[in-house]
Amino acid sequence: MSLFKTLLAGGLGWALGGPIGAIIGVVASKLLKDLPTTPQGQRSGGDYFLGMLVLITAVMKADKKIMKSELDYVKNFLLKSFGETKAKESLILIKDLLKQDIPVNDVCHQINQNINKESRIQMVHFLFGLALSDGILSHEEEELIRQIAFEFQMNSNEYQSVKSMFVQDVNWAYRVLEISPEATDKEVAKAFRVMAIKYHPDKVADQGEDVVKAANEKFQTLNEAYQAIKKERNI
């Protein structure tokens, strides 16, 4: 698996320590031991990527069923990010990680200490997409993602906003904007401006092109929610 030598050529920082380093080390210690490290606390795309891989495996295991649609969803993400060869190598690593117990709270705590909140919210957004890749959000998957969001220090409105981008009921657009249907037109416009700043893709610019692309998709959903409310209210 040459993925690590390519992806992490610039060195690993915080991901090598704590629970993430321990989990990854079980299946990739020989590949990682000779790689240079970056100063503690310094963010890098490689660190973010390893944190995501661990949480991806936790969500895939949540309902005790590993679906082909989930593997395809992750593979598509990896293909866009790294190309075919490295995507295959990453999937091999994920299959090894699936055999391990993931201490989700400990992993989230480590991520909290080293990744900004906007990037953590982007992780939750991806995990919802993964969970719904088979068209069904199981109770176990939703509860685990809720747990991750709580550990990521997301409040209820932030969690419901991300969830409503995937699970759309009659009031989904309002939940995306973190407001109630009783909000005035001025409050709707203000909420959109606040959310546009909060979820702007520039907030995760240091996490790599793939993360920025996903953030752009989320930003587009935010705009769609705003347009849906405007259409509903004829404003």
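General remarks:
- Across segment 164-235, the relative contact order, built from alpha-carbon pairs under 8 Å that are at least six residues apart, equals 35 percent.
- Residue-wise HN-Hα coupling along segment 187-194, computed from phi with Karplus coefficients 6.51, -1.76, 1.60 (Hz; x: Gly, Pro): 5, 5, 4, 5, 4, 5, 4, 5
- Extended-chain gain in nm, criterion 0.36 nm per residue less alpha-carbon gap, Q220 and K99: 40.0 nm
- The D185 and K65 beta-carbon pair, evaluated with R₀ = 45 Å, returns a calculated FRET efficiency of approximately 0.50.
- Taken about its Cα centre, segment 164-235 carries a charge dipole of about 260 debye when Lys and Arg each add +1 at the Cβ and Asp and Glu each add -1 at the Cβ.
- With R₀ fixed at 35 Å, the C-beta to C-beta distance from V194 to E84 puts the FRET efficiency at about 0.30.
- Gyration tensor verdict on segment 98-199 (Cα atoms; rounded if a/c is under 1.5, prolate if a/b is larger than b/c, oblate otherwise): oblate
- Dipole magnitude for segment 97-235: computed about the Cα centre from +1 point charges on Lys and Arg Cβ and -1 point charges on Asp and Glu Cβ, it is near 580 debye.
- As a calculated quantity, the FRET efficiency between N76 and V167 at R0 = 25 Å, using C-beta atoms, amounts to about 0.75.
- Of N234, F192, W172, farthest towards positive along the dipole that unit charges on Lys, Arg, Asp, Glu beta carbons give segment 164-235: N234
- Partner lysines whose Cα lies under 19 Å from the Cα of K95, excluding those fewer than 8 positions away in the same chain, are identified as K30, K61, K64, K65, K68, K75, K86.
Rule-based calculations on the coordinates, nothing more; no lab input. Computed from a predicted model, the values in this text were never measured in an experiment. All Cβ positions, glycine included, derive from the backbone under ideal geometry; neighbour counts span all protein chains shown.
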